[in-house]
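Below is one structure, written out as structure tokens, with a few remarks after it.
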Amino acid sequence: MEVVHTPVLLQECLDYLSPVGEAYQDDALMVDSTLGEGGHSFNFLKTYPSVRIIGLDADAQIQERARERLAPFASRMEFYHGWFNDFYHDYPAESRRPDLILFDLGISVFHYERSGRGFSFRHDEKLDMRLDSACGESAEDLVNTMNEGQLADIIYKYSDERYSRRIAAAIVAARQTQHISSAMELADIIYNAVPAAYRHGGIHPATRTFQALRIQVNGELRRLPMALHDAFGILRTGGKMGVISFHSLEDRIVKNYFRNLSRACVCPPEVAVCRCGGSPCAELLTRKPVEPSEKEVRENAPSRSAKLRVVRKLREADELRLYGVEAL
């Protein structure tokens, strides 16, 4: 099988989430919350012969590719098809708690290059962008039905696109005469909507809008805060959880939640007496986010914005630990 996606911060993940030492059993259990083509899982299984992994993915197509790639480790792999927030929320209380949890919040290169679902404006594909194409509204639905104000707000909020209002107005105007159904159609509308100087910047002018639509379609930021909290809840005490993020909106959610876990008290200011237990729930293993080396960025350009944060669980956390962690 040809592998399209290269896992980012791979060695750093192997080191920080190493299932080695007195704290770990011989058969450590890991959950790969975003399996993709199985790059991180493949290397954990290869490096640590006793580790077992449950691989989660909402995309059935890419999960089949991972099954093929991970076939040599079939006895140590389990697969779950669905969203990670559902998996962690519904995790059976009687099941063994995982020792390690990894989230890689990036979108696989496979989706841009091989999925045929309009993630990239470089291909003439149907404008879908759903990771699970069996449910929910597609990007095509959004650009053809949302009102101008809603579109502008989504584009700005999820990508910080300075021309969000001009782009939204152009989309609404274009759909009066044509149903917008392909990625290239939408990219052309955006290209013609922005000032000429903006068209020749460092990135294509449709880049940010496509990111915003993808985030909205898949509920990426909406799912994340509670997924992190529920994942930490099922992690065994002493276990480690790592998250790789790729843009500031994701990283802010992860940073705030991990910071709250590491504080002795996270009660809101209006609470006169501490109700959160008064001791940290987690140890920050990465005081600052771990970023890719210059060599990795040269060899794997999608890694350039990656940030890895890791915590070790010290005790259980209650709902107060979510205080100040925004769901966008």
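The values are calculated or read from the model by the stated rules, or taken from the named source; none is laboratory data. All of these numbers come straight from a predicted model, not from anything done at the bench. With ideal geometry, Cβ positions are generated from the backbone for all residues, glycine too; neighbour counts draw on all protein chains shown. Keep in mind that these areas ignore ligands, DNA and RNA; they rest on the heavy atoms of the full protein, side chains included. Shrake-Rupley method; radii C 1.70, N 1.55, O 1.52, S 1.80 Å.
Rounded to the nearest 20 debye, the dipole magnitude of segment 7-81 is 200 debye, with +1 charges on Lys and Arg beta carbons, -1 on Asp and Glu beta carbons, and the Cα centre as origin. The packing ranking, built from the mean of other Cβ atoms within 10 Å per residue, places the peptides 52-58, 112-118 in the order 52-58, 112-118, highest first. Report, in deg cm²/dmol and to the nearest 500, the calculated mean residue ellipticity at 222 nm for the chain, where each DSSP H run with n ≥ 4 adds -39500 (n - 2.57) and the sum is divided by the residue count. Per the formula, -11000 deg cm²/dmol. Along the axis of the charge dipole computed for the chain (Cβ charges of +1 for Lys and Arg, -1 for Asp and Glu, origin at the Cα centre), the listed residues TYR156, GLY136, MET226 are led at the positive end by TYR156. Kindly state, to the nearest 0.05, the FRET efficiency for ALA74 paired with MET226, given R0 = 25 Å and r defined as their beta-carbon distance. Efficiency, rounded to the nearest 0.05: 0.20.
When peptides 68-75, 274-281 are sorted by average Cβ neighbour count within 10 Å, with the highest value leading, the order is 274-281, 68-75. With no solvent and one equal point scatterer per Cα, compute the Debye intensity ratio I(q)/I(0) for the chain at 0.07, 0.08, 0.09, 0.16 Å⁻¹ and report its log10, rounded to two decimals. Scattering profile of the chain, log10 relative to I(0): -0.31, -0.40, -0.51, -1.37. Net charge near ARG65, counting Lys/Arg +1 and Asp/Glu -1 over other residues with Cβ under 15 Å of its Cβ? Residues near ARG65 contribute -4 overall. Dipole size of the chain about its Cα centre, with +1 on Lys/Arg Cβ and -1 on Asp/Glu Cβ: approximately 900 debye, rounded to the nearest 20. The listed peptides 191-199, 261-269, ordered by packing as a protection proxy, come out as 261-269, 191-199 (highest mean of other Cβ atoms within 10 Å first). Entry comment: accessible area of the chain is 45 Å² per residue, from protein heavy atoms only and a probe of 1.4 Å.
The local environment of VAL31, defined by Cβ-Cβ distances under 15 Å, has a net charge of -2 under the rule Lys, Arg +1 and Asp, Glu -1. Computed on segment 153-231, with alpha-carbon pairs under 8 angstrom and 6+ residues apart, the relative contact order is 39 percent. Taking every DSSP beta bridge that has both ends in the chain, the antiparallel portion is near 40%. Pairwise Cα separations in segment 152-305 fall into 10 Å bins from 0 onward with the following percentages, short to long: 9, 28, 27, 20, 13, 4, 0. Can you send over the carbon and sulfur percentage of the accessible area for the chain, probe radius 1.4 Å, protein chains only? Reported share for carbon and sulfur atoms: 49 percent. Largest GNM mean-square fluctuation among LEU131, LEU14, LEU213, using the chain with Cα springs under 10 Å: LEU14. Using C-alpha pairs under 8 Å with a sequence gap of at least 6, the mean separation divided by the residue count of segment 1-153 gives a relative contact order of 22 percent. Structural descriptor for segment 270-328: relative contact order 42 percent, calculated from alpha carbon pairs under 8 angstrom and at least 6 residues apart. For the pair segment 111-168 / segment 269-328, the C-alpha centres are spaced 29 Å from each other.
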